[in-house]
Amino acid sequence: LGSFYQINLRLILVSGKTKEFLFSPNDSAADIAKHVYDNWPMDWEEEQVSSPNILRLIYQGRFLHGNVTLGALKLPFGKTTVMHLVARETLPEPNSQGQRNREKTGESNCCVIL
């Protein structure tokens, strides 16, 4: 697959620093966290984390679980998609049924403070 089938992600840190990376639709949130960790930008030095396992992606206000792929999010090719990158130890696990059901029932969770 050529670069046409790649997804350009602009990742924003809490500090406001941004960096763009190219990924394939098959890349999962966990793959992205590992890639960013392995290729940590020099100007992000102050935000360096100790492990890729605590890097979390937030897309449209929601934490992405590690096994979610970019393709599953139906992100557009050839356009830049913005996500936030945060360091956070724990996430609600996708196997807790309540969380999964909440995510499926629409967009009404815009104001949940996590």
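Quick one: Leu57 ticks every box in (1) touching a strand residue (DSSP E or B) at 6+ places or on another chain (Cβ under 6 Å); (2) assigned to a loop (DSSP other than H, G, I, E, B); (3) of a type in the set (A, V, I, L, M, F, W, C) except a single one, so which number is it?
So the condition that Leu57 fails would be (2).
Considering region 1-45 alone, what residues qualify as being part of a loop (DSSP other than H, G, I, E, B), touching a Phe, Trp or Tyr at 6+ places or on another chain (Cβ under 9 Å) and either over 14 Å from Gly71 (Cβ atoms) or without any contact (Cβ under 8 Å) to a residue 40 or more places away in the chain (or both)?
Ser15, Lys17, Asn39 - these are the residues of region 1-45 that are part of a loop (DSSP other than H, G, I, E, B), touching a Phe, Trp or Tyr at 6+ places or on another chain (Cβ under 9 Å) and either over 14 Å from Gly71 (Cβ atoms) or without any contact (Cβ under 8 Å) to a residue 40 or more places away in the chain (or both).
Quick one: how many residues across region 81-90 are closer than 24 Å to Pro41 by Cβ and open to solvent by 60 Å² or more (accessible area, probe 1.4 Å)?
Within region 81-90, residues that are closer than 24 Å to Pro41 by Cβ and open to solvent by 60 Å² or more (accessible area, probe 1.4 Å) number 5.
Anything in region 59-80 that is without any contact (Cβ under 8 Å) to a residue 60 or more places away in the chain, within 24 Å of Tyr5 (Cβ to Cβ) and either of a type in the set (A, V, I, L, M, F, W, C) or open to solvent by less than 30 Å² (accessible area, probe 1.4 Å) (or both)? List them, or say none.
Passing the criteria: Leu64, His65, Val68, Ala72, Leu73.
Only one of these conditions is not met by Asp31: (1) under 14 Å from Val86 (Cβ atoms); (2) buried (at least 16 other Cβ atoms within 10 Å of the Cβ); (3) acidic (Asp, Glu). Which number is it?
So the condition that Asp31 fails would be (1).
Of everything in region 38-58, what is touching a helix residue (DSSP H, G or I) at 6+ places or on another chain (Cβ under 8 Å) and surrounded by 12 or more Cβ atoms within 10 Å (Cβ to Cβ)? Give them in sequence order.
Result: Val49, Pro52, Asn53, Leu55, Arg56, Leu57.
The values are calculated or read from the model by the stated rules, or taken from the named source; none is laboratory data. Computed from a predicted model, the values in this text were never measured in an experiment. Because the Cβ atoms are built from the backbone with ideal geometry, glycine has one as well, and the counts that use them run over all protein chains shown. Protein only, heavy atoms only, side chains kept; ligands, DNA and RNA dropped before computing areas. Shrake-Rupley method; radii C 1.70, N 1.55, O 1.52, S 1.80 Å.
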